[in-house]
Amino acid sequence: MKKFRRILLAVDDSPCTEKILSYAKEIISNEEISLALLTVVPPTSPATYGADPLLGQQPIIVPEITEIQQNTAEQYVAKIAAEFSSNYEVFTFTRIGNIKEEILLLADEWSADLIIMGSNGRSGFDHFISGSVSESVIRKAICPVLVVPINCS
């Protein structure tokens, strides 16, 4: 079996992240591992408050909201990196964009051997309409993907 040397760990601030971290810690017992921690902030939607399309007023985007979200995400990833940094080479990435596209893009740019991520738990009509991020990553990834189930118990 191939040894994984460059592992991309896609995390978010959901309650299930601890379970994903536990799986990752069990897998990366080798000290020759490089770990990339990635969190993706979806783009801020334009606010429609005070905007009237009938009067030709456009929705506005408040850049401060995106900046706050990105700073919060960077602090979160740095906190997780601290759990790993004493034993492994750790890189942190915070991106703004489409979650599945950013995971796939970083996996390619960083030459990841393995992607570890959680499932988002969508099912039924919601899954039919928008699909699953983990499913999309599995279909298009150029390396193996370990998906940790959403059940956090």
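Restricting segment 77-112 to residues that are farther than 20 Å from V137 by Cβ and in contact (Cβ under 8 Å) with a residue 24 or more places away in the chain, which is surrounded by the most Cβ atoms within 10 Å (Cβ to Cβ)?
Within segment 77-112, the subset farther than 20 Å from V137 by Cβ is 78-79, 81-90.
When the remaining residues are screened for being in contact (Cβ under 8 Å) with a residue 24 or more places away in the chain, the result is 81, 83-84, 87-90.
Details: A81: 17, E83: 13, F84: 18, N87: 14, Y88: 15, E89: 14, V90: 20.
Restricting to residues being farther than 20 Å from V137 by Cβ and in contact (Cβ under 8 Å) with a residue 24 or more places away in the chain, the top hit is V90.
Can you tell me which residues in segment 62-76 are crowded, with 16+ Cβ neighbours inside 10 Å and at pLDDT 90 or above?
Once the filter is applied, which keeps residues that are crowded, with 16+ Cβ neighbours inside 10 Å and at pLDDT 90 or above, segment 62-76 yields A73, Y76.
Considering (1) modelled with pLDDT of 90 or more; (2) farther than 30 Å from S29 by Cβ, say which one K140 fails and leave the rest.
(2)
Within segment 97-131, work out how many residues are in a loop (DSSP other than H, G, I, E, B) and either over 19 Å from T17 (Cβ atoms) or modelled with pLDDT of 90 or more (or both). Before the answer, list the steps.
We begin by selecting, within segment 97-131, every residue in a loop (DSSP other than H, G, I, E, B); these are 97-98, 110-113, 119-123, 131.
Cutting the leftovers down to either over 19 Å from T17 (Cβ atoms) or modelled with pLDDT of 90 or more (or both) gives us 97-98, 110-113, 123, 131.
The number of residues fulfilling the criteria is 8.
Select from segment 3-17 the residues that are within 19 Å of V90 (Cα to Cα) and at pLDDT below 85 and list them in ascending order. Talk me through it step by step, then tell me what you get.
Going through segment 3-17, the residues within 19 Å of V90 (Cα to Cα) turn out to be 3-13, 17.
If the condition is that a residue be within 19 Å of V90 (Cα to Cα) and at pLDDT below 85, then K3, D13, T17 are the ones that fit.
Give the residue, chosen from S134, S86, that is at pLDDT 80 or above, of a type outside the set (A, V, I, L, M) and closer than 21 Å to S22 by Cβ. Give the derivation first.
Values: S86 fails: at pLDDT 80 or above.
Answer to the selection: S134.
The values are calculated or read from the model by the stated rules, or taken from the named source; none is laboratory data. Not measured: the values here are computed from a predicted model. Here the Cβ is made from the backbone with ideal geometry for all residues, glycine too, and neighbour counts use every protein chain on show.
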